[in-house]
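Peer 1: Could you have a look at this structure, given as structure tokens, before my questions?
The values are calculated or read from the model by the stated rules, or taken from the named source; none is laboratory data. Note that the coordinates shown come from a computational prediction; the quantities given were computed from them, not determined experimentally. Don't worry about glycine lacking a Cβ; one is built from the backbone with ideal geometry, like all the others, and counts go over all protein chains shown. Note: areas computed on protein heavy atoms with side chains; ligands, DNA, RNA excluded. Shrake-Rupley method; radii C 1.70, N 1.55, O 1.52, S 1.80 Å.
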Amino acid sequence: MVRLFDTHVIRKHAELDGMWEFSLNENERFEYSLPVPGCWEQHPDFRTYRGKGTYRKEIFVDEKTNICLEFKGVSHSCEVFFDGVSMQKHYNAFTPFRVYIADVSSGTHEIRVCVDNSFGEHSALHIPNDYYTYGGITRPVSVEYLPEVFIENIRFSPKCINGVWCGTIVVNVRNFSDKYFKGELKYFFDGNSEFAFDNIELNPYESKEIVTSAEFSDVKPWEVLKPQLYYLDVRLCVDSVVIDDYIERIGFREIEVAGKRFFLNGREVFFKGFNRHEDHSIFGCAIPLQIMAEDIELILKTGANAIRTSHYPNDERFLDLCDERGILVWEENHARALSLERMQNPNFDRQCRDCINEMIINHYNHPSIVIWGILNECASETEIGRTKYIEQFEQIKKLDKTRPTSFATCQHFKDICLDLPDIISVNLYPLWYDETSPEECLSKELEWIESKNQGEKPVIISEVGAGGIYGYRSDTAVRWTEERQQIILDEVLEKFVNNSEICGVYIWQFCDCRVTEEEWFMVRPKTRNNKGIVDGYRRKKLAYDTVKKHFGGI
Ligand code: ADA
């Protein structure tokens, strides 16, 4: 399942999930068969395999058409071939991309996806890291059959004006043919009758952006933990006959950052959140919907209201679940702890730019996303690093002016980028990496922020945590016991949750995750980051109930 609702009723489409043929060598027999979505690490022959692998599938097209292959995530690089012809290359495991193919004849066609999860100079963002870069087609794939002129994308921005909800709708329409096009766009709200109308003309091969505004009376706002969602259905018509459609699910909510506070629909919010890696001991990063739903339940039962998609854009089905449950999402572009040298990799700027574009354009309509984050713990203490932070924040603001920005820093007392985001976020590990008490740690941090003249911005503690290996229990409470993790989180959360000097705290982390062996084996027992309050199988550690006590769960 690609999304949790139908994005098209008129446009013909099919999901390509299921078994695909697989081979390590594209020119040889495809001797394996692997599930899509899935990580190849789940196959006994590829538990630790890093390198190239080719997936193959045939599709049947019943009449001549244009098609679009939509990949929600391939880890981490790939080249897509259609009937043996290279169509597109894509980098980054965590963002969706589309491959458009014109004039496909009726009959059987072959899709081949050559996937590569190797590290090296070519890959600036996927590096050996404190999480695992799995291999494979790890998120759903679908095929859409397109008319010659079709709707590419819609973006909805709500705004409350004098107590009335209004919305701006931006629709991208593309002419895939060599003919002039004249038609209409019709807008429907929540299954009801048409509420707006636009005439549209396109030259051959032209793409156009159409902007429309409307008032929506009697709608309920999307609130934290009390979400209300609506369907926005845009139809492309010729002489009133519908030739294409695009449905989005939207919510009415407004975000405001004022002084040191964050407001949603005029109400102040304190973020009680989790950092979550897409990782599971059985499924790797290809988390099935069932596990996503379980994660959401486990998270909500602690009393949490927020999730940070550390450190990359998430599967859209998970974002859909957050929309449905009223969870506040901080979505982050892909980057973790990149040194200045790594930020100077010749591919870094382009790979970040593509990731941010794909993240914002594809995830714009999720009401749950309330913060865009970038470059977790990168070289924000350096002048060159600063230029990268500036560029990326500028890019985000061009794409979306409605959401505040942030980045999580660990460059305590050295960071030179605090003036750039709307919200200052710091990763603090009192009593784990740092012997200082939580109070002292926080007050030093706040004094420093104040001394940099940034004291008027909201501050989020974007990470706090401690390691605890599931099942390692001892009343000595030595490092790595569940007891030690519990004691630390208890002390830290006692000081941070609902502390009026900050506007939120996020636990590092929700679930344990696999890490790459290189560089990490000395500090990561079991080659896992063990700071989850549940383990990789979602078994609760002692710390789970401690977080629940502080977050106010039931
Ligand atoms: C950092 C980082 C996380 C994780 C964490 C830890 O703050 O942002 O990705 O590595 O530390 O467990 O040490």
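Peer 1: If you check residue 170 against the conditions, is it touching a Ser or Thr at 6+ places or on another chain (Cβ under 7 Å), in a strand (DSSP E or B) and not aromatic (Phe, Trp, Tyr)?
Peer 2: So residue 170 fails the test.
Peer 1: Hey, among 424, 416, 460, which residue is surrounded by fewer than 23 Cβ atoms within 10 Å (Cβ to Cβ) and either within 16 Å of the ligand (Cβ to nearest atom) or in a loop (DSSP other than H, G, I, E, B) (or both)?
Peer 2: Every option except 416 fails the conditions.
Peer 1: On the given criteria, is residue 502 under 17 Å from residue 430 (Cα atoms), in a loop (DSSP other than H, G, I, E, B) and modelled with pLDDT of 95 or more?
Peer 2: Taking the combined requirement at face value, the residue satisfies it.
Peer 1: May I pose another question? What do you reckon, is residue 71 in contact (Cβ under 8 Å) with a residue 12 or more places away in the chain and either open to solvent by 10 Å² or more (accessible area, probe 1.4 Å) or over 30 Å from residue 276 (Cα atoms) (or both)?
Peer 2: On the way: in contact (Cβ under 8 Å) with a residue 12 or more places away in the chain: yes; either open to solvent by 10 Å² or more (accessible area, probe 1.4 Å) or over 30 Å from residue 276 (Cα atoms) (or both): no.
It is false that residue 71 is in contact (Cβ under 8 Å) with a residue 12 or more places away in the chain and either open to solvent by 10 Å² or more (accessible area, probe 1.4 Å) or over 30 Å from residue 276 (Cα atoms) (or both).
Peer 1: Search segment 463-489 for residues being open to solvent by 10 Å² or more (accessible area, probe 1.4 Å) and among the small types (Gly, Ala, Ser), and hand back the single one that is nearest to residue 410 (Cα to Cα).
Peer 2: So, considering only residues that are open to solvent by 10 Å² or more (accessible area, probe 1.4 Å) and among the small types (Gly, Ala, Ser), the one nearest to residue 410 (Cα to Cα) is 477.
Peer 1: Do we find that residue 386 is free of Cβ contacts under 8 Å to residues at least 12 places away in the same chain, out of contact with any strand residue (DSSP E or B) (no Cβ under 7 Å at 6 or more places or on another chain) and basic (Lys, Arg) in this structure?
Peer 2: Judged against the criteria, residue 386 is not a match.
Peer 1: Follow-up question, since we're still on this one. When you go through (1) without any contact (Cβ under 8 Å) to a residue 60 or more places away in the chain; (2) buried (at least 22 other Cβ atoms within 10 Å of the Cβ); (3) not polar (S, T, N, Q) one by one for residue 526, which number turns out not to apply?
Peer 2: (2)
Peer 1: Follow-up question, since we're still on this one. What are the residue pairs meeting all of these: first residue in segment 211-235, first residue under 23 Å from residue 182 (Cβ atoms), second residue modelled with pLDDT of 95 or more and basic (Lys, Arg), Cβ atoms under 7 Å, and 6 or more apart or on different chains?
Peer 2: Cβ pairs passing all conditions: 235/186.
Peer 1: Any residue at all in segment 486-499 that is more than 21 Å from residue 305 (Cα to Cα) and more than 13 Å from the ligand (Cβ to nearest atom)? Break it down into steps so the answer makes sense when it comes.
Peer 2: Residues of segment 486-499 more than 21 Å from residue 305 (Cα to Cα): 487-488.
Next, only the ones that are more than 13 Å from the ligand (Cβ to nearest atom) stay: 487.
Yes: segment 486-499 contains one or more residues that are more than 21 Å from residue 305 (Cα to Cα) and more than 13 Å from the ligand (Cβ to nearest atom).
Peer 1: I've got another one for you. Which one is farthest from residue 7 (Cα to Cα) among residues in segment 173-185 that are open to solvent by 30 Å² or more (accessible area, probe 1.4 Å) and outside any loop (DSSP other than H, G, I, E, B)? Talk me through it step by step, then tell me what you get.
Peer 2: Initially, segment 173-185 is screened for residues open to solvent by 30 Å² or more (accessible area, probe 1.4 Å), giving 174, 176, 178-180, 182.
Narrowing the set further to residues that are outside any loop (DSSP other than H, G, I, E, B) leaves 174, 182.
Values: 174: 18, 182: 24 Å.
Checked segment 173-185; the qualifying residue farthest from residue 7 (Cα to Cα) is 182.
Peer 1: Right, something else. Quick one: which of 234, 238 is open to solvent by 30 Å² or more (accessible area, probe 1.4 Å) and β-branched (Val, Ile, Thr)?
Peer 2: Going through 234, 238 in turn, the sole match is 238.
Peer 1: If you check 384, 360, 369, 390, which single one turns out to be under 27 Å from residue 157 (Cα atoms) and open to solvent by 50 Å² or more (accessible area, probe 1.4 Å)? Let's see the steps before the verdict.
Peer 2: Working: 384 fails: under 27 Å from residue 157 (Cα atoms); 360 fails: open to solvent by 50 Å² or more (accessible area, probe 1.4 Å); 369 fails: open to solvent by 50 Å² or more (accessible area, probe 1.4 Å).
On inspection, the qualifying residue turns out to be 390.
Peer 1: Sticking with this structure for a sec: Here are the criteria: (1) of a type in the set (A, V, I, L, M); (2) within 16 Å of the ligand (Cβ to nearest atom); (3) farther than 18 Å from residue 335 by Cα. Tell me which single one residue 374 does not satisfy.
Peer 2: Evaluating residue 374 over (1) of a type in the set (A, V, I, L, M); (2) within 16 Å of the ligand (Cβ to nearest atom); (3) farther than 18 Å from residue 335 by Cα leaves (3) as the failure.
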